[in-house]
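To start, the structure itself, in structure tokens.
The values are calculated or read from the model by the stated rules, or taken from the named source; none is laboratory data. Worth saying up front: this structure is predicted, and the values here are computed from it rather than measured. A quick note on method: Cβ atoms are made from the backbone with ideal geometry, for glycine too, and the neighbour counts reach across all protein chains shown. SASA here: full protein model, heavy atoms, side chains in, ligands and nucleic acids out. Shrake-Rupley method; radii C 1.70, N 1.55, O 1.52, S 1.80 Å.
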Amino acid sequence: MKPHIALKPVITPQPDYVQVRDLRRLFDVSRPWLNRVIERQPRQYLRAVDHVSFSVAKGETLAIVGESGSGKSTVARMVVGLMPPSDGKVTIAGISMTDPRQAAERRQLRRRIQMIFQDPYASMNPRWRVDRIVSEPIRAFGLLSGEREIQARVGELLTLVGLHPDDGKRYPHAFSGGQRQRIAIARALASEAEFLVADEPTSALDVSVQAQILNLMRDLQDRLGLTYLFISHNLAVVRHMANRIGVMYLGRIVEIGGGRELFTAPKHPYTRMLLDAVPDLAHVGRQRVPVQGEIPNPINPPSGCTFHPRCPFANDRCKAEVPAFRDGVACHAVEEGRLMPGGVAAVV
Ligand code: SF4
């Protein structure tokens, strides 16, 4: 499968800006105590995120992709500190997001980390005019004091995201979904953020508007040197955004690699399945294969490799043993040489 539009290159190695190590998040989904006692049931836990590790270099975009229920949004929330991890470490710009001894440094860091959500309208006060929404972080962090300077900065930010400074006088309901996402980006930049975590920022938008928002985000990254963690269920969306892509399945990263490498020579069978479902204008006439099967219940996941019920390359070892993550992929078939990168099965 060849890319038909230039993909973003892998950023040359430099000190990692974001480091995530062995991140885990369990949710207690047990029935009430009395039911458990009467029915002699043990406690039940849902493993939403299980030993996830990755890093993001400064100025890079790492996309995390997976179906609904794969745990990608939970990872995003733990990275920005909206949800505490059950275990593991997150370090941003050398400051731990979990270590209580670095609470003071973390407070300083928070201004530089912002999140963009799928539904920007839900995160805006509908009774506030846009200029108040965008200026809120400037006031909260005391970045500017004079009202005239604040209004000038708000106008500058609205222009930066492709709106008019006069749009600040209107209310959020007067804007389209794409324009509201632009307002959300302006608000994120108002605190002089350098790391943006975007959780499905375009999935509620029309395809043409999606492209405009993605282009805006790429343009802002080039101009301001922003670092992105981009969460999406759609590989086609992250294709032109990401330097590197991590594929998540049932709480684990199963493959991670450069965007070009992942699209041209995918290793993991799940990545291949997702790629087969992506429309490709360079291969018009190629039959698209819909994603097969459904993600299993995470409360009672399959044994061994959790992908084995859906995998055409599964064998007995896959059903019994969790594959180790080696050379950017966690798959027995790749490790045993039964499956070559790019979709050629040596032995099935
Ligand atoms: Fe398929 Fe086995 Fe690889 Fe899992 S470990 S993806 S079941 S071949």
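In this calculation the C-beta distance from Asp222 to Ser55 is compared with R0 = 30 Å, giving a FRET efficiency of 0.90.
The GluC sites (Glu not before Pro) found in the stretch 294-342 that occupy coil by DSSP, while having at most 12 further C-beta atoms within 10 Å, are Glu294, Glu321.
What does the charge count around Glu192 come to, taking other residues whose C-beta lies under 11 Å from its C-beta (Lys +1, Arg +1, Asp -1, Glu -1)?
Net charge in that neighbourhood comes out at +2.
Computed from the C-beta positions of Glu67 and Arg43, the FRET efficiency with R₀ = 25 Å rounds to 0.40. Take the Cα of Asn300, step 7 Å toward its Cβ, do the same at Val207, and the gap between the two points is 4.0 nm. What does the charge count near Gln102 come to, summing +1 for each Lys or Arg and -1 for each Asp or Glu among other residues with Cβ under 13 Å from its Cβ? Local net charge: +3. Measuring from a point 7 Å past the Cα of Glu335 along Cα-to-C-beta, which residues in the stretch 234-248 have an amide N at less than 19 Å? Under cut-off, by backbone N: 247-248. From its DSSP helices (H runs of at least four residues, each -39,500 (n - 2.57)), the chain gives a residue-normalised ellipticity at 222 nm of -9000 deg cm²/dmol. Listed cross-link partners Lys58/Lys169; Lys58/Lys267; Lys267/Lys319 are compared with a 30 Å cut-off, the Cα-Cα value being larger for Lys58/Lys169. Can you give the net charge of the other residues whose Cβ lies under 10 Å from the Cβ of His233, counting K and R as +1 and D and E as -1? Charge balance near His233 sits at -1.
Magnitude of the Cβ-charge dipole of the stretch 16-252, K/R +1 and D/E -1, about the Cα centre, nearest 20 debye?
Result for the stretch 16-252 is approximately 620 debye, rounded to the nearest 20.
Counting only whole DSSP H helices of the chain, the ones at least 24 Å long by C-alpha along their axis and with mean Kyte-Doolittle hydropathy no lower than -0.5 are 207-224. In this view, the solvent-accessible surface of Ile113, computed with a 1.4 Å probe and all protein chains in place, comes to about 20 Å².
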